[in-house]
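The values are calculated or read from the model by the stated rules, or taken from the named source; none is laboratory data. Quantities reported herein were computed from a predicted structural model and do not represent experimental measurements. Using ideal geometry, Cβ is built from the backbone for each residue, glycine included, and neighbour counts are taken over all protein chains shown. To get the accessible areas, we keep the full protein, side chains included, count just its heavy atoms, and leave off ligands, DNA and RNA. Shrake-Rupley method; radii C 1.70, N 1.55, O 1.52, S 1.80 Å.
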Amino acid sequence: MPLGTTKGEQGARLRDEFLAVTAVATPHELLAQTLRFTRQLGFDTVSAMAVLDRFGADSDFVCVHNTPAAFLGQFHDTAQGRRCPVMQHCKLSSLPILWDRQTYAAVDQADVWETQAPFGFAHGIAMALHLPGGRHFFIGVDRDRALPRCPAETSRMTADLQLFAVHAQDTALRLLLPPATDAEPPPLTTRELEGLRWTMHGKTAWELGRILGISEQTAVRHLHNAARKLGCINKHQAVVKALRLGLIH
């Protein structure tokens, strides 16, 4: 955190980054906005990748990043990617991974870490969102110094990265991958739209139930149905997509 900056001020700046990334119009702007967020979070490099799986053919991988050119020229290849435990974790899970040398040593890949660490890839946080239609969004932030020892601080960093990913993934898929063939927004019920609007304002399912005069379980079901129709994995991602489609304001 920069000197003279309170946690509240830093949180407000990060929230601005979350909203700003949804409005970018080019891959260059996406990288610039993502890099601003990365540095606000306390990391030096970032990689944000959109992936489209194709049946019977190679997947599409399109990435924006600020990886040092020297590292790309010498060591960045597909074989090393297959050996990377961070990438292997993200292929199979949507849970974030906080990694360091021990992450690689635990699977007998310490030499991979030793190769990348001099270029600033020594410690980091990474995660992936696995979406319907064979689409995936990966984001990883890296630095040369250790993550904070305080669990509350690393939890905050991880939560901020998760929230940024929810906002950035729709933009990344829109800008980096071929457009989806179904341009028509899915029909949502009045209750589903109300649920997304109140979620946008920070209301929990319990609070939503009280507002709408329904049970918490019913509120959860409406949000789940809205996310499913929008092709999203959770209610927060559904809110971002519904905003972009003009379904809620």
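What to note about this one:
- The residues of the stretch 19-74 present an accessible area of 52 Å² per residue when probed at 1.4 Å with all protein chains retained.
- Highest-MSF residue in the chain out of Gly120, Gly73, Gly133 [GNM, Cα springs under 10 Å]: Gly73
- Rounded to the nearest 10 degrees, the inclination of helix 190-200 to the longest alpha-carbon principal axis of the chain is 40 degrees.
- Look at the Cα gyration tensor of the stretch 112-154: its axes a ≥ b ≥ c give a/c of at least 1.5 with a/b at or below b/c, and that counts as oblate.
- Vicinal HN-Hα couplings computed from phi for the stretch 107-121 (Karplus, 6.51 cos²θ - 1.76 cosθ + 1.60; Hz; Gly/Pro x): 10, 6, 10, 4, 5, 5, 5, 4, 5, 8, 4, x, 9, x, 9
- Sites Thr115 and Ala23, calculated FRET efficiency, Cβ-Cβ separation with R0 35 Å, nearest 0.05: 0.40
- Test item: Cα-centred dipole of the chain, Lys/Arg +1 and Asp/Glu -1 on Cβ, debye: 680 debye
- Rg/Rh for the stretch 99-214, where both radii come from Cα atoms and Rh is the Kirkwood radius: 1.11
- Estimated 222 nm signal from helices in the chain, with DSSP H stretches of n ≥ 4 weighted -39500 (n - 2.57), rounded to 500: -16000 deg cm²/dmol
- Taking the 1.4 Å solvent-accessible surface of the chain as the whole, the part contributed by carbon and sulfur is 56%.
- Acute angle (nearest 10 degrees) that the helix 216-229 long axis makes with the longest principal axis of the chain, alpha-carbon atoms: 70 degrees
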